[in-house]
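J.: This is the structure, below, for whatever I ask next.
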Amino acid sequence: MSAYTSLNKTAKNLLVHLMLIVGALVMVAPFVWMVLTSLKSLGESTQVPPVILPTKYQWENYTHIFEMLPFLDFYWNTVITTVAKVIGQVFLCSLAAYAFARIEFPGRNALFILFLTVLMVPGQVFLLPQFMIMKELGWLNTLTALIVPGLFSAFGTFLLRQFFMSLPKELEEAAKLDGCNHFQIYWRIMLPLAKPGLIALAIFVALWSWNDLMWPLIVNSTPDKMPLSAGLAYLTGEHTNLTNYPILMAGSVLAIWPMIIVFIFLQKHFVEGITLTGSK
Amino acid sequence: MSSQLQPEMHAAVQPKTKKSLNRMKRSDWFWAYLMIAPTLIGLGVFYLWPIVQTIYLSFTKWGGFGKYKWAGLHNYELLFKDPYLWIALKNTLIYTVVAVPVGIAISIFIAVLLNQKIKGITIYRTLYFLPVVTMAAAVAMVWRWLYNADYGLINYLLGLVGIEGPRWISDPAIALYAVIIVAVWSSIGYNMVIFLAGLQGIPRSYYEAAEIDGAGPIRMFFKITLPLLTPSIFFVSITSLIGAFQVFDLIYLMLGSKMGNPATEQTQTMAYLFFTNGFESGNGGYAAAVAVVLLVMILIVTAIQMKLQKKWVHYD
């Protein structure tokens with residue numbers, strides 16, 4: 001009997017692994033193909049039947065792309081935008097979230113409903129006026145345009161407010177008796193305790209900022225002011241209309257590896273952050 | 001609790017404290033407003049005011065150089081007569097109705113597999129999550145290549161088993177589904193993580209009790225797992241629906257411009273219609289009207305979901 005059940009269990013385990021492996025292959029195959037194609041010559045990439053491994057590794061595809069497009073500028077723009085948005089949003093949202101979660105003041109609910117409104121409205125509703133503001137301010141084709149609207153977030157405030165509300169009330173009472181003002185309480189007591197929430201928000205902002213397409217496409221039309229996402233789209237767009245897939249794949253690999261590395265190292269925090277938003 | 005009691009106790013001893021309590025309150029308010037101000041102003045300027053502005057713009061007609069004037073319901077009249085609106089609406093709905101449930105079903109299936117106390121969960125999770133951290137621009141590019149009718153890997157593999165693959169991204173009847181496949185592929189990892197957390201919250205004892213009653217795995221899934229997972233399913237379906245209504249990146253990137261691809265025109269979605277009118281052909285007023293319609297659609301569907309949730313979501 002027990003031999004039978006353990007055999008049964010092994011069979012079940014094998015079946016589970018088998019299904020998961022098939023699924024994993026489907027998830028990973030496009031990435032493998034991306035890398036393999038990026039190392040082939042144009043002729044080899046269009047051979048029928050397809051060649052799996054490149055016969056000669058064309059590393060020059062990767063240098064080529066830097067000659068065709070200001071890829072270094074793409075990196076710089078993406079990194080600066082992402083870092084600025086992460087720091088700005090985590091700081092500003094946590095400030096507002098602390099006030100919403102921890103202080104009673106007149107108009108708190110009304111203001112919070114305003115914040116929730118932003119959360120409900122689809123992005124397309126903001127874009128035209130946002131573009132017009134950028135134009136008015138003369139910010140088109142600057143990094144400022146990529147960064148500034150992204151410093152403020154209803155989502156971030158909401159996420160961190162949930163987090164601050166879960167912390168015990170006694171904490172700030174002791175500090176208040178010691179004569180701390182709210183900023184001091186926020187800075188010295190709440191922020192360190194809210195670290196998991198802050199990291200979760202930072203990861204979300206980084207991911208969205210790095211991969212965001214529509215906004216950069218709208219505000220920055222000169223290549224040297226584009227982030228990676230818009231740069232890649234530009235590469236296939238009407239202006240260049242490039243169909244040299246090995247070069248395109250090299251560009252894709254260059255655009256995505258930093259986020260993949262960040263994800264692999266911070267995986268635990270990614271998962272916790274997503275779980276945090278999904279739990280309530 | 002104690003914070004409310006203490007000042008009153010003091011008040012009994014010291015007559016002055018009412019004033020100092022007031023002062024404390026004011027200081028509270030001062031800090032609250034000061035801390036909220038930056039985000040409030042930012043959201044006001046870049047998000048709240050634009051909502052009002054977009055609604056206003058939807059009643060205007062645009063000339064050259066970004067000039068516009070009041071045009072009443074003109075845009076809405078044009079919009080409802082425009083065959084492309086109905087195409088975009090149809091595509092957005094098909095996309096939503098197919099991509100959201102299929103994505104949720106597959107994510108739940110994978111999450112249940114991963115929840116079986118097996119080895120290598122972290123590795124599987126990492127692999128399934130890769131598309132989530134990858135920008136749409138790169139995702140679209142590699143899938144375009146895989147879908148390529150002449151040199152693509154997918155049609156080659158189909159050919160090996162005797163199927164002649166379609167022209168995935170240039171056949172108007174297929175293109176939307178080709179995009180949906182990619183959309184589902186790239187969303188599985190994210191939803192799976194939420195479902196996995198939901199599954200881990202279900203007590204093992206429920207399954208043990210059911211096992212004693214002789215329930216098989218399929219019965220257990222439908223009687224225990226699925227009902228207890230409904231809060232997660234509700235959350236994922238709300239966020240995926242709102243996302244699906246706004247689908248743009250993959251359509252724009254995979255299909256390319258209308259000039260280059262005959263399928264693009266037939267495969268455009270609401271967000272695509274908004275983008276091309278607003279930022280490519282300079283019909284800002286028209287684009288604003290599209291955005292307003294999209295907003296109304298999302299509000300209606302979210303309201304319906306909120307109402308229906310009492311019927312099928314189990315909270316304990």
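The values are calculated or read from the model by the stated rules, or taken from the named source; none is laboratory data. Predicted model only: the values in this text are computed from it and were never measured. As a convention, Cβ positions derive from the backbone with ideal geometry for all residues, glycine included, and neighbour counts pool all protein chains shown. Protein only, heavy atoms only, side chains kept; ligands, DNA and RNA dropped before computing areas. Shrake-Rupley method; radii C 1.70, N 1.55, O 1.52, S 1.80 Å.
J.: What's the longest piece of chain A with no exposed chymotrypsin sites (Phe, Trp or Tyr not before Pro), counting a site as exposed if DSSP puts it in a loop and it has at most 13 other beta carbons within 10 Å?
T.: A:60-280
J.: What is the sum of charges around residue B:113, taking Lys and Arg as +1, Asp and Glu as -1, for the other residues whose C-beta is under 12 Å from the C-beta of residue B:113? Can you show the working numbers first?
T.: On the way: positive: A:12, B:117, B:125; negative: none.
Once all neighbours under 12 Å are counted, the net charge is +3.
J.: Can you tally the net charge around residue A:269? Count Lys and Arg as +1, Asp and Glu as -1, for every other residue whose Cβ sits under 14 Å from the Cβ of residue A:269.
T.: +2
J.: Moving on to the next point. Roughly how much accessible area, to the nearest 100 Å², goes out of reach of solvent when A and B pair up, both sides summed, probe 1.4 Å?
T.: So the total buried area for this chain pair works out to about 8500 Å².
J.: Among B:270, B:306, B:192, which one shows the highest mean-square fluctuation when chain B is modelled as a Gaussian network with alpha-carbon springs under 10 Å?
T.: Most flexible of the set in this elastic network: B:306.
J.: Still on this structure, I have one more. Let me make sure I get this right: for the stretch B:197-316, a, b and c are the square roots of the gyration tensor eigenvalues over alpha carbons, sorted descending. Under 1.5 in a/c it's rounded, otherwise prolate if a/b > b/c, else oblate. Which is it?
T.: prolate
J.: Here are some pairs, A:169/B:19; A:195/A:268; A:40/A:225; A:9/B:119; B:223/B:307; A:85/A:225; which of them have Cα atoms lying more than 18 Å apart in this structure? Before the final figure, lay out the partial values.
T.: Working: A:169/B:19 24 Å; A:195/A:268 14 Å; A:40/A:225 30 Å; A:9/B:119 14 Å; B:223/B:307 24 Å; A:85/A:225 16 Å.
The pairs that break the limit, which is 18 Å between Cα atoms, are A:169/B:19; A:40/A:225; B:223/B:307.
J.: Given the -39500 (n - 2.57) contribution per DSSP H run of 4+ residues, what per-residue ellipticity at 222 nm results for chain B, rounded to the nearest 500 deg cm²/dmol?
T.: Helix-only estimate at 222 nm: -23500 deg cm²/dmol.
J.: Here's a follow-up. Picking from B:210, A:58, A:129, whose Cα lies most toward the positive end of the charge dipole for the protein assembly as shown (charges on Cβ: Lys, Arg +1; Asp, Glu -1)?
T.: Farthest towards the positive end: B:210.
J.: A further question on this structure: If you line up the Cα atoms of the stretch A:2-61 on their principal axes, what length do they span on each, largest first, in Å?
T.: In descending order, the Cα extents are 60, 20, 16 Å.
J.: Still on this structure, I have one more. Which three extents, in angstrom, do the Cα atoms of the protein assembly as shown have along their principal axes, listed largest first?
T.: 93, 83, 48
J.: Tell me the net charge near residue A:205. Cut-off is 15 Å between Cβ atoms, residue A:205 excluded, with +1 for each Lys or Arg and -1 for each Asp or Glu.
T.: Net charge in that neighbourhood comes out at 0.
J.: Which one, A:78, A:236, A:55, has the greatest fluctuation when you compute a Gaussian network model over chain A with C-alpha springs under 10 angstrom?
T.: Maximum among the listed residues: A:55.
J.: Please find, in a Gaussian network model of chain B (springs between Cα atoms separated by less than 10 Å), the residue of B:21, B:157, B:228 whose mean-square fluctuation is greatest.
T.: B:21
J.: Additional query: So for chain B, averaging the separation of alpha carbon pairs under 8 Å that are six or more residues apart and normalising by length, what relative contact order in percent results?
T.: RCO, chain B: 26 percent.
J.: With a ≥ b ≥ c taken as the square roots of the eigenvalues of the C-alpha gyration tensor of chain A, please select rounded if a/c is under 1.5 and otherwise prolate if a/b is larger than b/c or oblate if it is not?
T.: The shape class here is oblate.
J.: Can you give the helix-only mean residue ellipticity at 222 nm for chain A, where every DSSP H stretch with n ≥ 4 adds -39500 (n - 2.57) and the sum goes over all residues, rounded to the nearest 500 deg cm²/dmol?
T.: Working: 14 runs with 199 residues, N = 280.
Dividing the helical sum by the residues of chain A leaves -23000 deg cm²/dmol.
J.: Then there's this: Kirkwood hydrodynamic radius, computed over distinct alpha-carbon pairs, for the stretch A:146-280: how many Å, to one decimal?
T.: The answer is 17.9 Å.
J.: Then there's this: Farthest toward the dipole's positive end in chain A, which of A:33, A:46, A:147, given Cβ charges of +1 (Lys, Arg) and -1 (Asp, Glu) about the Cα centre?
T.: Among A:33, A:46, A:147, the one farthest towards the positive end of the dipole of chain A is A:33.
J.: Sort the stretch A:131-192 into rounded, prolate or oblate with this rule: let a ≥ b ≥ c be the square roots of the eigenvalues of the Cα gyration tensor; rounded if a/c is under 1.5, and if a/c is not under 1.5, prolate when a/b is larger than b/c, oblate otherwise. Write down the numbers at each step before the final one.
T.: Values: a/c = 4.67, a/b = 2.75, b/c = 1.70.
In terms of gyration-tensor shape, prolate.
J.: Let me ask another. Quick one: angle between helix A:108-120 and the longest Cα principal axis of chain A, in degrees between 0 and 90, rounded to 10, please.
T.: 10
J.: Treating only the Cβ of Lys, Arg, Asp and Glu as charged (+1, +1, -1, -1), what charge dipole size does the stretch B:188-308 show about its Cα centre? Round to the nearest 20 debye.
T.: 180
J.: With axes computed from alpha carbons, what is the tilt in degrees of helix A:2-38 against the longest principal axis of chain A, rounded to the nearest 10 within 0 to 90?
T.: 80
J.: Mind checking the per residue accessible area of the protein assembly as shown for me, 1.4 Å probe, whole number of Å²? Could you put the intermediate results ahead of the total?
T.: Values: 28770 Å² over 596 residues.
Dividing the accessible area of the protein assembly as shown by its residue count gives 48 Å².
J.: Percent of accessible area on chain A owned by carbon and sulfur, 1.4 Å probe?
T.: Details: 8850 of 12840 Å².
Carbon and sulfur together cover 69 percent of it.
J.: List the residue ranges in chain B for DSSP H helices whose C-alpha atoms run 24 angstrom or more along the long axis and whose Kyte-Doolittle average is 0.0 or above.
T.: Membrane-span-like by this rule: B:83-114, B:175-200, B:226-245, B:284-312.
J.: Taking the Cα centre of the protein assembly as shown as origin, work out the dipole magnitude from +1 charges on Lys and Arg Cβ and -1 charges on Asp and Glu Cβ, in debye rounded to 20.
T.: Dipole magnitude for the protein assembly as shown comes out near 1600 debye.
J.: Let me ask something additional. If I take R0 = 51 Å and measure r between the Cβ atoms of residue B:310 and residue A:67 in this structure, what FRET efficiency does the formula 1/(1 + (r/R0)^6) give, to the nearest 0.05?
T.: In this case the efficiency is close to 0.25.
J.: Against the longest alpha carbon principal axis of chain A, how many degrees, from 0 to 90 and to the nearest 10, is the axis of helix A:154-165 turned?
T.: 50
J.: Under a Cβ-only charge scheme (Lys and Arg +1, Asp and Glu -1), can you give me the dipole magnitude of the stretch A:1-150 about the Cα centre, in debye to the nearest 20?
T.: Magnitude of the dipole: close to 560 debye.
J.: I would also like to ask the following. Taking all pairs of different Cα atoms in chain B, averaging 1/r and flipping that mean, what Kirkwood radius in angstroms comes out?
T.: 24.0
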